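Asks: Quick one: structure below, then a few questions.
Bear in mind these aren't lab numbers, they're just calculated from the coordinates by the rules spelled out. Everything quoted here is computed from the prediction, not taken from an experiment. Here Cβ is always computed from backbone atoms with ideal geometry, including for glycine, and neighbour counts include all displayed protein chains.
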Amino acid sequence: MGKLLRVGLKCVAGGALIVVGAVLIPLPGPGTPLILAGIAVLATEFEWARRLQDLLKALWRRIVRGPSASAA
């Protein structure tokens, strides 16, 4: 029962972070970081969230790196 409770709490916490972050997107506040934190919490338990997290990390690396020299 301990593992089930732990997974349940992570689901609730991750989901709550995502919902609060989504509400804060149009308002002044840390909406995007809360959504990313919620995905990170869910990624500790679920493969789909882990894949989404990896995709977002790769996208962020491409954005930070900027246009590649080979594209010029």
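Asks: To the nearest 10 degrees, how steeply does helix 31-43 sit against the main Cα axis of the chain, on a 0 to 90 scale?
Replies: Helix 31-43 and the main axis of the chain meet at about 60 degrees.
Asks: Rg/Rh for the chain to two decimals, with Rh computed the Kirkwood way over all alpha-carbon pairs.
Replies: So for the chain, dividing Rg by the Kirkwood Rh gives 1.14.
Asks: Read phi for every residue in the stretch 22-27 and hand back ³J(HN,Hα) as whole Hz from Karplus 6.51 cos²θ - 1.76 cosθ + 1.60, θ = phi - 60°, with x for Gly and Pro.
Replies: Karplus-based 3J(HN,Hα) across the stretch 22-27 equals 5, 5, 7, 3, x, 9 Hz.
Asks: Hey, another quick one. Could you order the peptides 38-45, 11-18 from most to least packed, using the average number of other C-beta atoms within 10 Å per residue?
Replies: Ranked from most to least packed, the peptides come out as 38-45, 11-18.
Asks: Under the definition of Cα pairs under 8 Å and six or more residues apart, what whole-number percent is the relative contact order of the chain?
Replies: 23 percent
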